[in-house]
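Colleague: Pasting in a structure now, in structure tokens, and then I'll have a few things to ask.
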Amino acid sequence: MATAKPASPSPPPSTAVVPAANTAAAADKPAVEQLLEVAEDEVVIDFKPNAKCRADLRLRSLHPSLPVAFKVQTSSPLKFLVSPPRGAVQPLSSASLRVVLRPQQHAPASFPRSRGDRFLVLSSLSAAHLDSSASSSAATGGTTAIRLRVFFGGPYLLRLAAEAGDAAAVRLILRRQPHLLPLLEPEAAVPDGAEQWAPLHTAAARGDTGEVRRLGPDSMGARDREGRTALHVAAAAGEAEAAAALVDMGADAAATDARGRTPLDVAREKGYQEVVDVLERWELVMTAARRGDLQSLESLLSKRAGVRGRDQYGLTALHLAAIKGHCDVIALLAGSGCMDIECEDVEGHRPLHLAVEGGSAEAVELLLDMGAEVHAATRRGATPLQMAVTMGYEAIALLLRGRGADEAAAPALCIASSSSSSISCA
């Protein structure tokens, strides 16, 4: 944790004689009281070319009764933005700041630790003192200063250092960001017979969204030796676009690793707010679809990222809207083309099956009008008509028959599924 270090007074010329009285007075002068702590000892930025790169700083007031004013300065104002650049922290409270590196075309001239980039966090009980204190001085006029260096890391720079044979840079990055180690040895043998890193894990960790999509949904079942899915890995690396692509491909956002953490838990622990936003957006989409909240859903869909996620049963937002009979939501999700009307959960239930289970003739009719397959069968062979007959929904059964559904091959008995409460045939 970074703390203020009052600067030593400038040494007198070698010919000067310091009176004893003055020396004693200087010794008796109390040091400026430390007012703030910064939780981070460096500004750690995961660098990616041509992209805004962000880092968060946490300030904590050490004063028991008065607000502490702060001001943040940088040696490179053309490169960095700080939000907010100044403010006040209430007694014994905390505040968060966001540091943004403007898009840079090339890698930093020196990394992991920058030679020229610095931050100075000034604090005082008087905001006026902050403006009167020179940035190069500390502990003047009741002002304390905390100096922070900049550390550039992340998957892009780790690969760059490895390809250049810069072992020192690789060691420094891995020392601060050990979660990036698998990027250097994705094919290495893993003890105890555990799975190796799959290609999808590697692509997710380096943020290669094109490769993630190319590998496709069939690759998403793999886990590494810590029980992490590719979505866990993308969350740990702060790769928001890769995380959104995985969610859209049907990655299980509720999956837990060997430590019981979901990808959202990992993203929150690492402080990757963009990944958190993607994963929370998926949860909000599911909730809005379940509730029939069309206004919220339209707003979420306008962001386009992370909206086609699935829960642990493979259910999508369209499944949830169908079983609840929310026709306007069904029309929005399927009509906009953002969700496949024939999407299946882990047991093969399509939205039409769940509309039947929910007993909504209007939802069944809408899905049929939109092209849903009337003879669609689950993995156990249940069709929408068989489900309607078994559940006693005569009006829905009549509607399905009118659309060509044939029950001649229906088995004698259908039973409820244990996982999603849907009907499937034995």
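Colleague: So which residues in the stretch 128-171 are aliphatic (A, V, I, L, M), modelled with pLDDT of 85 or more and farther than 30 Å from ALA234 by Cβ, if there are any at all?
Modeller: Answer for the stretch 128-171, where residues must be aliphatic (A, V, I, L, M), modelled with pLDDT of 85 or more and farther than 30 Å from ALA234 by Cβ: ALA145, ILE146.
Colleague: Have a look at LEU318, LEU300 and point out the one that is outside any loop (DSSP other than H, G, I, E, B), among the hydrophobic types (A, V, I, L, M, F, W, C) and either under 23 Å from LYS52 (Cβ atoms) or assigned by TED's automatic domain parsing to the domain that holds LYS52 (or both). Full working, then the answer.
Modeller: Details: LEU318 fails: either under 23 Å from LYS52 (Cβ atoms) or assigned by TED's automatic domain parsing to the domain that holds LYS52 (or both).
Going through LEU318, LEU300 in turn, just one is outside any loop (DSSP other than H, G, I, E, B), among the hydrophobic types (A, V, I, L, M, F, W, C) and either under 23 Å from LYS52 (Cβ atoms) or assigned by TED's automatic domain parsing to the domain that holds LYS52 (or both): LEU300.
Colleague: When the stretch 357-404 is examined, which residues are found to be farther than 20 Å from ALA289 by Cβ, touching a Ser or Thr at 6+ places or on another chain (Cβ under 9 Å) and part of a helix (DSSP H, G or I)?
Modeller: MET387, ILE396, LEU400
Colleague: Something else now. Out of all the residues in the stretch 239-271, which are of a type outside the set (Asp, Glu), assigned to a loop (DSSP other than H, G, I, E, B) and surrounded by 24 or more Cβ atoms within 10 Å (Cβ to Cβ)?
Modeller: The initial filter retains those residues of the stretch 239-271 that are of a type outside the set (Asp, Glu), namely 240, 242-247, 249-251, 253-256, 258-264, 266-268, 270-271.
Going one step further and asking which of them are assigned to a loop (DSSP other than H, G, I, E, B), we end up with 249-251, 253-256, 258-262, 271.
Hits for the stretch 239-271 are ALA251, ALA253.
Colleague: In the stretch 323-359, which residue that is in contact (Cβ under 8 Å) with a residue 12 or more places away in the chain and on the phi > 0 side of the Ramachandran plot is farthest from the chain's Cα centre (by Cα)?
Modeller: The qualifying residue farthest from the chain's Cα centre (by Cα) is GLY359.
Colleague: May I pose another question? What pairs come up if the first residue lies in the stretch 142-159 and is at positive phi, the second is among the acidic types (Asp, Glu) and modelled with pLDDT of 90 or more, and their beta carbons are under 9 Å apart, counting only those six or more places apart or on different chains?
Modeller: That search, which allows pairs on different chains as well, returns GLY154/ASP46.
Colleague: List pairs: first in the stretch 214-238 and modelled with pLDDT of 85 or more and crowded, with 21+ Cβ neighbours inside 10 Å, second of a type outside the set (Val, Ile, Thr) and part of a loop (DSSP other than H, G, I, E, B), Cβ under 6 Å, 6+ apart or cross-chain?
Modeller: Filtered contacts from the stretch 214-238: ARG228/ASP257; THR229/ARG223; THR229/ALA255; LEU231/ALA251; HIS232/ASP257.
Colleague: Could you please let me know if SER76 is modelled with pLDDT of 90 or more, in contact with a strand residue (DSSP E or B) (Cβ under 6 Å, 6 or more places away or on another chain) and not in a strand (DSSP E or B)? Let's see the steps before the verdict.
Modeller: On the way: modelled with pLDDT of 90 or more: yes; in contact with a strand residue (DSSP E or B) (Cβ under 6 Å, 6 or more places away or on another chain): yes; not in a strand (DSSP E or B): yes.
In short, yes.
The values are calculated or read from the model by the stated rules, or taken from the named source; none is laboratory data. Keep in mind that what you see is a predicted model, and the values were worked out from it rather than measured. We place every Cβ from the backbone using ideal geometry, glycine too, and count neighbours over all the protein chains shown.
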